[in-house]
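Take a look at the structure below.
The values are calculated or read from the model by the stated rules, or taken from the named source; none is laboratory data. Here the structure is a predicted model, which is why all the values come from computation and not from measurement. Here the Cβ positions follow ideal geometry from the backbone for every residue, glycine too, while neighbour counts run over all protein chains shown.
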């Protein structure tokens, strides 16, 4: 084994141990004032021929009152996306589930939206996984 390979092997092993896409499994408390609950939404964006679409933005619209604080995900090379919605508004009660629209956009090409029902869990409870596979109609 070359010297470079021996130096890089520990780094590769450490990187293989941490998958940042994996959900924690529990709805975690976040930020100074915190959130009331969360939902994990994940799926695959495919074309009509079931080929995965990469580089597609998946955005919840419109943001319902009280919800949500989330980064905007972009699909990976396998068309997968994941977003965690956090219920942030303490003035409104945490809903068990809400209807949202997910806008999928491939910049410069097309935009489409699909409706989904998303289940929420309170902080400290298991994070519900909501699978929403999307086949846009550009």
ask   = In region 92-133, how many are more than 27 Å from residue 25 (Cβ to Cβ), part of a loop (DSSP other than H, G, I, E, B) and free of Cβ contacts under 8 Å to residues at least 40 places away in the same chain?
value = 2
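So that you can scan it fast, the table gives a plain yes or no per residue for (1) at pLDDT below 90; (2) assigned to a loop (DSSP other than H, G, I, E, B); (3) surrounded by 10 or more Cβ atoms within 10 Å (Cβ to Cβ); (4) under 15 Å from the mean Cα position of the chain (by Cα):
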residue	(1), (2), (3), (4)
10	yes, no, no, no
21	yes, yes, yes, yes
24	yes, yes, yes, yes
58	no, no, yes, yes
request  = Tell me, yes or no, whether region 37-54 has at least one residue that is modelled with pLDDT under 85 and in a loop (DSSP other than H, G, I, E, B).
outcome  = no
ask   = Would you say residue 136 is in a loop (DSSP other than H, G, I, E, B), surrounded by 15 or more Cβ atoms within 10 Å (Cβ to Cβ) and modelled with pLDDT of 85 or more?
value = yes
